[in-house]
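Before any comments, here is the structure.
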Amino acid sequence: MQSYILINEIIMSFLEGFILLYLFLFISNKRDLFMDKKIINFLFIITYTIFSYWTTLSLPPGYHTVVIILFLILSLSFITNTRYPLTIATIIFILLGMMIIEMISLQLLSLMIKESTQTILTNPIHKIAFSIFVKFNEIIIITMLSKIESPIIKSFHKEFKYSLINYWFFGIFLMGGLILSIRYIIYQPEKIIIYEILISIIFALYIMIGYLDYKEKIKLISIQKKYEVQDDYIKNLETLINIVRREKHDFSNHINTIYAMCTINKPNTVERIKEYLSKISENLKNSYHIYNSGNDYIDGLLAIKSNFAYENNIIFDVNFEISIDKLSINDTDLISIISNILDNSFEAILFSDSIIESPIVSFWTYLENDKYIISITNNGPKISESNLKKIFKNGYSTKVKEKDDHGLGLYIVKNITENNNGIIKVHSNDLETEFQLIFEYLEVKNEIDKKSISISN
């Protein structure tokens, strides 16, 4: 029997280490590291297994839990390169969740085998069955989580971050109270059921408060993002106004020049004035454009990018076969996606190690197979096959030279695109690199919905 208990402790600790690691990477938005650092992750799980078993043998229950938490904070922060505040918050959240799962599983198992919870916790055979049942439930939850996107904790605003820190401190206080109470409740087994019920209620209320606060903060952030989009739009308009003012000043100089040429009246003056005006007209066409994409914010963004391209001798080719207002995506996300990929395209050309003849960045929209396609292309350096495989991974940068971070990064762009039921693809060869954004076409979707309704009727 002792050997069975030993094997159970080791196997359960191994599974617990795996579950803790995966949940930590999922919540902290670093799930890619689960496959990228297989050896380090395996060593962590082995170390956790041995350390957990050692603390179980050497320390009382309350102290054992505290030491395990400290071990997780230090080790996971190190191997995942995560800051301590986020590590502490994530681990406390995971442990609270696992505790609730254990309490629910205990009650379920008690009903299934018709034994009291006290018997399950004290009988070695029942305790092994309980451990297996808990880990089975946790693995089911992990399987479900593996099919959904990780929450982007890094993108929390400052107000959200401070609220989150306060919430976790509240959770730490509750966890501390639980740990301190364990040493007393084990000597009063007749009160253990009441103890479990009260603890379950307390932590259920804690999670409910956190969820409601989270929903409220999300609403506030959504409102703030809308104001940020409008602020960016105003800044784009101000930039356009400055461009017009500059052109107005230049026009005054041009008019004075033409007036002087007329006054001097040298031979071929008319032809020379025509040639001069032709150059002015061509420069004016290329310096900035007014677009009609169907979205005022995108029009302002493209006008600014057009002027940026002109100032850097880059051809900026824009063509809207389908109006961009046919997309069911909010302005904040759309601007974040487009501006980031355009910035990457310009940077690929400007920071290229080789001279690019006739540099060009193109922005096209069109309809293909009932899908709305946004295609952003540049003729900068080819992206290698190895880099194409990791271009959307967290931490990867397409910048050829070191530069301040500009935009959200392709990893975040991919998340935003997929959150709006879109797909992002990239193709690269010696001639060009193309980013394709594929979304549902609103009119086609509406037609499908109408047909579905008519069929159901």
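Against the condition surrounded by fewer than 20 Cβ atoms within 10 Å (Cβ to Cβ) and either within 26 Å of the chain's Cα centre (by Cα) or charged (D, E, K, R) (or both), how does LYS305 come out, does it pass? The answer is no for LYS305. Please specify each residue of region 319-361 satisfying the condition of being in contact with a helix residue (DSSP H, G or I) (Cβ under 7 Å, 6 or more places away or on another chain), over 21 Å from ASN307 (Cβ atoms) and not in a helix (DSSP H, G or I). The answer is LEU327, SER328.
Taking only region 323-349 into account, find how many residues are buried (at least 20 other Cβ atoms within 10 Å of the Cβ), at pLDDT below 90 and over 25 Å from the mean Cα position of the chain (by Cα). Matching residues across region 323-349 total 0.
Would you mind stating whether LYS425 is at pLDDT 85 or above and under 23 Å from ASP317 (Cβ atoms)?
On the way: at pLDDT 85 or above: yes; under 23 Å from ASP317 (Cβ atoms): yes.
Yes; evaluated as a whole, the condition is true for this residue.
Screening TRP364 against (1) surrounded by fewer than 18 Cβ atoms within 10 Å (Cβ to Cβ); (2) aromatic (Phe, Trp, Tyr); (3) not in a strand (DSSP E or B) leaves a single unmet condition, (3). Restricting attention to region 45-97, the residues being more than 26 Å from the chain's Cα centre (by Cα), closer than 12 Å to GLU16 by Cβ and either aliphatic (A, V, I, L, M) or crowded, with 20+ Cβ neighbours inside 10 Å (or both) number 5. I'm trying to understand the selection: among the residues of region 308-322, which are surrounded by fewer than 20 Cβ atoms within 10 Å (Cβ to Cβ), in contact with a Pro (Cβ under 9 Å, 6 or more places away or on another chain) and under 19 Å from SER375 (Cβ atoms)? Selection gives ILE315 alone. Among the residues of region 53-68, those that are without any contact (Cβ under 8 Å) to a residue 40 or more places away in the chain and either closer than 17 Å to LEU15 by Cα or not in a helix (DSSP H, G or I) (or both) comprise TRP54, THR55, LEU59, ILE68.
Could you tell me whether ASP404 is outside any loop (DSSP other than H, G, I, E, B), at pLDDT below 65 and charged (D, E, K, R)?
no
The values are calculated or read from the model by the stated rules, or taken from the named source; none is laboratory data. Note that this is a predicted model, so its numbers are computed, not measured. Positions of Cβ are generated from backbone atoms using ideal geometry, with glycine treated the same way; all protein chains shown enter the neighbour counts.
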